[in-house]
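Bear in mind that the values in this text are calculations on the coordinates, not laboratory data. This one's a predicted model, so the numbers in the text were calculated from it and none came from an experiment. Neighbour counts run over all protein chains shown; Cβ positions are idealised from the backbone, glycine included.
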Amino acid sequence: MATLVYERSTDRPAHWRVADGPDSGPGGNGTGRRVVQAWAAPLFGLGGTGLAVWTGYLAMSLPPQSVSPHYNVAWAGFDALLACLVLTTAWLAHRRSSLVASTAAATAALLLADAWFDITTAAPGRPLLAAALLATFIELPAAALALQVHRTASKRRSP
């Protein structure tokens, strides 16, 4: 089966190439590089396109306001997940584990989502100001720091 191989080097930009035939080695292609199945790009492309269409439909059809009976559970659960991810990232960074790249990227994504939803769901006035200040001075800088950890750990892992 043909697979896509993501190659990174210092002398040229990162790129994908098609690798055919039986492969061996830790990366599955004999080079130690990570291998992605050929179906991954079209499948995720199709899924992303479908999600974009669905999002457009939702943006036009959903009411601008809604009352949720489990609003507190949703936010507390999200923040608990975020706390677990931040603590896991800290633990993996302390151990200098290569897995920290993945948890740092996930942490950054959740911090960005948290900032977005805090601001867009805040009531006008002081709650909106508080959400904007929290996003500006805590969540967005923390996401940037997590992305820097991801970038540093990813460089260390690459062949």
Pairwise label distance in nanometres, residue 145 with residue 70, each label 7 Å out on the Cα-Cβ vector: 3.2 nm
From the Cα gyration tensor of region 55-129, with a ≥ b ≥ c the square roots of its eigenvalues, which class applies: rounded if a/c is under 1.5, or else prolate if a/b is larger than b/c, or else oblate? prolate
Hey, can you grab everything whose amide H is under 5 Å from the amide H of residue 38? Only 5+ residues off in sequence or another chain; H modelled, so Pro and N-termini drop out. 4
Taking 7 Å along the Cα-to-C-beta vector as the label spot, tell me the residue 79-residue 53 distance in nanometres, rounded to one decimal. 3.9 nm
Pop the C-beta distance of residue 155 and residue 44 into the FRET formula with R0 = 25 Å and round what comes out to the nearest 0.05. 0.55
